[in-house]
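Only one structure is covered here, and it is reproduced in the block below.
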Amino acid sequence: MESNYFKIYPDKDGFFKEYGGAFVPPVLMDEMKKIYESYLTISKSHNFISELRNIRKHYQGRPTPVYYCNRLSEKYGGRIYLKREDLNHSGAHKLNHCMGEALLAKYMGKKKLIAETGAGQHGVALATAAAYFGLECEIHMGAVDVAKEHPNVQRMKILGAKVVSVTHGLQTLKEAVDSAFEAYLSDPINSIYCIGSVVGPHPFPLMVRDFQRIVGIEAREQFLEMTGELPDNVVACVGGGSNSIGIFTAFLNDDCQIYGVEPGGRGENIGDHAASMRYGVKGMIHGFKCYNLQNEKGEPLPVYSVASGLDYPGVGPEHCMLHDMKRVNYVTANDKECIDAFFELSRMEGIIPALESAHAVAYALKLAKENPHTSILVNLSGRGDKDVDFVLEKYGLPEDR
Ligand SMILES: *Cc1c(COP(=O)(O)O)cnc(C)c1O
């Protein structure tokens with residue numbers, strides 16, 4: 001990879017080769033430009049950098065550890081390590097970019113953070129950041145999701161966020177996106193739209209990537225210190241692609257294999273998976289160009305995964321570029337492999353992973369079995385507390401099946 005990688009990707013219009021960009025209405029284009037310019041200035045200022053550092057250390061609990069899985073490695077072969085993003089305050093990597101976005105909002109003089117959320121994970125992380133900075137927070141959520149994700153709705157409310165239940169159309173994520181954009185457009189001076197992954201129009205894939213890079217920077221240093229070498233393999237799950245890009249970017253110029261694991265779901269038919277890279281086509285979605293799952297009319301197709309944080313019909317533009325450059329291997333793990341890995345990590349190491357992260361663990365176990373001499377660094381993006389009721393209800397304990 002080019003040594004000035006971060007200088008040249010994305011270009012000034014937000015393109016990673018042919019992917020990315022900002023394809024939005026003119027009013028929004030002006031706002032995106034303002035955000036980009038502010039970000040370029042603010043992110044280089046001493047005050048911003050030191051405040052973000054301080055937050056990471058004293059509020060989020062960074063650096064998160066790298067942990068060697070003793071029993072798991074013994075059983076499967078290989079040497080398996082976890083970057084423990086599940087130990088972030090609020091339980092996942094999402095706070096890395098939400099704190100960054102909210103800090104930027106504060107420096108820009110914004111009063112309110114607006115976002116949509118599907119399963120509620122992004123909503124909870126953003127509500128956390130809003131509470132920290134004393135900003136208003138408005139989360140738009142489809143009414144179907146509000147009912148389904150009750151605990152997260154309650155968490156957002158406890159944190160002081162306003163949850164807007166969207167009752168038109170199919171009442172899910174797509175309608176929530178439209179509703180949140182509408183709210184944003186009604187007052188773009190005082191509010192800012194906070195996107196929850198490395199997706200959406202420029203500059204969001206760039207900003208969210210930058211805020212997540214800390215994961216890889218820490219992990220590379222920690223792994224080197226622990227083992228005296230670099231990992232042979234780096235593995236992370238890919239929904240929109242934020243936790244994965246965060247760890248991948250530190251290893252692009254190293255001699256290691258990188259794997260992005262997409263959700264294979266319950267089959268290969270439309271609506272049974274959310275593997276945008278594997279089954280998708282190049283096209284436009286939510287204001288940017290990427291591989292995505294769409295019909296002939298260019299409308300997003302229904303997607304599914306047992307991990308609700310992974311069921312997005314597109315994928316970040318930087319991933320699309322890294323795919324075409326053949327620097328990152330995009331693979332899949334299905335529901336069954338995910339659930340097996342969920343119990344395996346819980347019982348072998350005492351760590352209950354988020355179902356999203358369990359996809360990465362599942363693929364790591366496969367790699368370990370194939371090559372007993374290899375070392376594998378997995379980004380454990382989040383903890384599984386949010387998933388325990390669902391898993392027990394739907395699948396039960398392994399011994400009871
Ligand atoms: C939201 C989420 C993901 C998926 O998002 P990315 O942007 O692909 O990282 C993965 N893991 C956890 C724990 C999540 O909450």
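The values are calculated or read from the model by the stated rules, or taken from the named source; none is laboratory data. This one's a predicted model, so the numbers in the text were calculated from it and none came from an experiment. Cβ placement follows ideal geometry from the backbone for every residue including glycine, while neighbour counts extend to all protein chains displayed. For accessibility, only protein heavy atoms count, side chains too; no ligands or nucleic acids. Shrake-Rupley method; radii C 1.70, N 1.55, O 1.52, S 1.80 Å.
Which one of the conditions (1) of a type in the set (S, T, N, Q); (2) free of Cβ contacts under 8 Å to residues at least 40 places away in the same chain; (3) farther than 25 Å from Gly287 by Cβ does Thr41 fail to meet, given that it meets all the rest?
(3)
So, of the residues in the stretch 149-168 that are free of Cβ contacts under 8 Å to residues at least 12 places away in the same chain and not hydrophobic (A, V, I, L, M, F, W, C), which turns out to be farthest from Ala307 (Cα to Cα)? Working first, answer last.
Keep residues of the stretch 149-168 that are free of Cβ contacts under 8 Å to residues at least 12 places away in the same chain, which gives 150, 154, 157-158, 168.
Restricting the remaining residues to those that are not hydrophobic (A, V, I, L, M, F, W, C) gives 150, 154, 157, 168.
Values: His150: 16, Gln154: 20, Lys157: 23, His168: 25 Å.
Taking the candidates together, the pick is His168.
Among the numbered criteria (1) away from the ligand (no atom under 16 Å from the Cβ); (2) touching a residue at least 24 places away in the same chain (Cβ under 8 Å), which one does Ala125 miss?
(1)
Please list, ordered by first then second residue, the pairs with beta carbon atoms under 9 Å, 6 or more apart or interchain, first in the stretch 60-75 and in a strand (DSSP E or B), second hydroxyl-bearing (Ser, Thr, Tyr).
Cβ pairs passing all conditions: Val66/Tyr81; Tyr67/Tyr81; Tyr68/Tyr81; Tyr68/Thr227.
Considering the stretch 88-106 alone, what residues qualify as being open to solvent by 10 Å² or more (accessible area, probe 1.4 Å) and either within 12 Å of the ligand (Cβ to nearest atom) or hydroxyl-bearing (Ser, Thr, Tyr) (or both)? Please lay out each step first, then the result.
Step one: filter the stretch 88-106 for residues open to solvent by 10 Å² or more (accessible area, probe 1.4 Å), giving 89-90, 92-94, 106.
Ser90, Ala92, His93, Lys94, listed by residue number.
Would you pick out the residues in the stretch 245-268 that are out of contact with any helix residue (DSSP H, G or I) (no Cβ under 7 Å at 6 or more places or on another chain) and either of a type in the set (Phe, Trp, Tyr) or buried (at least 24 other Cβ atoms within 10 Å of the Cβ) (or both)?
In the first step, residues of the stretch 245-268 are kept if they are out of contact with any helix residue (DSSP H, G or I) (no Cβ under 7 Å at 6 or more places or on another chain); the result is 253-257, 264, 267-268.
The one that is out of contact with any helix residue (DSSP H, G or I) (no Cβ under 7 Å at 6 or more places or on another chain) and either of a type in the set (Phe, Trp, Tyr) or buried (at least 24 other Cβ atoms within 10 Å of the Cβ) (or both): Gly264.
For the stretch 179-204, which residues satisfy the criterion of being within 16 Å of the ligand (Cβ to nearest atom) and open to solvent by 10 Å² or more (accessible area, probe 1.4 Å)?
Ile195, Gly196, Ser197, Val199
Read through the list (1) touching a strand residue (DSSP E or B) at 6+ places or on another chain (Cβ under 9 Å); (2) away from the ligand (no atom under 14 Å from the Cβ); (3) over 12 Å from Ala236 (Cα atoms), then give the number of the only condition that Ala354 fails.
Going through (1) touching a strand residue (DSSP E or B) at 6+ places or on another chain (Cβ under 9 Å); (2) away from the ligand (no atom under 14 Å from the Cβ); (3) over 12 Å from Ala236 (Cα atoms) one by one, Ala354 breaks only (2).
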